[in-house]
Amino acid sequence: MTESVLHQQTVTGGEQSQPKERIRRLVWKIAIATLILMAIGSATRVMNAGLACPDWPLCYGELVPTKQMNFQVFLEWFHRLDAAMVGLGAIALASLSWWNRHALPQWLPWAATFALGLVVLQGVLGGLTVTELLRFDIVTAHLGTALLFFVTLLVIGSALVRYQGTGTAGNLPWIGLIAAITVYLQSLMGALVASRWALHQCFAGNALCSVMYSHIGGVIPSTLAIIAVVFFAWRTPALHPALRQLANMAGGLLFLQILLGIATFRLHLQVEPLTVAHQVVGAVLLGSLVVFTVLGLRDRATSSIAIPTTEPSNL
């Protein structure tokens, strides 16, 4: 009889974990698609293709503007196509979360709904970007919302991943959170520099130099915060290998980002792949800090659990 009850509990637990596992995989796929979307959006901007499709949501009044298709039109059209795919993924995520809500953590349907709301807002901002002729504040908000959606997906995915902490994270999650906030704000300032073409205007006529130098000065607090994450991660004994690897990853990405920023500045944004890489690496850096923070918080929670779990970690 006991074996029968255990078998029934195992089957029930397995059935409940299936929706969670499907949603976890879906979240990571949407996150990757969002990162690609931001890269395409950056390429669209630096190639001056933001208004290649003069109307919205269609392009020259068609789903596929075959007659007007050139490289710039293709960039803008493909950017919208990828955005539509991400939007459909967000709808699927919210729908699955509510449909399977009894087998999922209570917070998950609400988090998925919040992500869907960000996608709706992003779609509105994308349309305004075209109709308002690339107004700088809308373009900046467009990227800021994309990053916030990306962060939301990473928080959901990191909270769902199977992870058994060591209970040694201490205050590291809060240091990681501070670093993530500084990087997000720095990304927004970078978007403002790009949307106002501040670098070009400063070099050409000493206009908007304060905007450009604000972005450069913002490197200092974000760099110090990331160095603190790496330093204290290595100073923490018995830290989970995943947290240590994420800290190392953040340090390496910081070094790469600084090199890309210097190259972009010295070349006056004339090498488009460098500019795109600068934004993409910044997004990945932000993502690594977000995942580090979420897993660190879960690690802290491990120390307060009286009965240890035997759930394996696949990190």
Assigned by the TED database to the domain that holds ALA39, under 25 Å from the mean Cα position of the chain (by Cα), aliphatic (A, V, I, L, M) and surrounded by fewer than 21 Cβ atoms within 10 Å (Cβ to Cβ): which single residue out of LEU81, LEU93, LEU108 fits that description? LEU81
Qualifying residue in segment 123-133 (condition: part of a helix (DSSP H, G or I) and closer than 30 Å to ARG266 by Cβ): yes
Being open to solvent by 80 Å² or more (accessible area, probe 1.4 Å), within 23 Å of GLY287 (Cβ to Cβ) and modelled with pLDDT of 95 or more narrows PHE150, PHE114 down to just PHE114
So ALA169 fits all but one of (1) without any contact (Cβ under 8 Å) to a residue 40 or more places away in the chain; (2) crowded, with 21+ Cβ neighbours inside 10 Å; what number is the exception? (1)
Exception for GLY157 within (1) open to solvent by less than 30 Å² (accessible area, probe 1.4 Å); (2) under 14 Å from the mean Cα position of the chain (by Cα); (3) farther than 30 Å from PRO237 by Cα; (4) of a type outside the set (A, V, I, L, M, F, W, C) falls at (3)
Some residue of segment 218-226 being out of contact with any strand residue (DSSP E or B) (no Cβ under 7 Å at 6 or more places or on another chain), surrounded by 19 or more Cβ atoms within 10 Å (Cβ to Cβ) and of a type in the set (A, V, I, L, M): yes
Looking only at segment 195-211, which residues are farther than 19 Å from LEU134 by Cα and part of a helix (DSSP H, G or I)? CYS202, PHE203, ALA204, GLY205, CYS209, SER210
For segment 275-315: of the residues being among the polar types (S, T, N, Q) and in a helix (DSSP H, G or I), which is modelled with the lowest pLDDT? THR302
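The values are calculated or read from the model by the stated rules, or taken from the named source; none is laboratory data. Just so it is clear, the model here is predicted, and its values are computed rather than measured. Positions of Cβ are generated from backbone atoms using ideal geometry, with glycine treated the same way; all protein chains shown enter the neighbour counts. Accessible surface areas use protein heavy atoms only, side chains included; no ligands, DNA or RNA. Shrake-Rupley method; radii C 1.70, N 1.55, O 1.52, S 1.80 Å.
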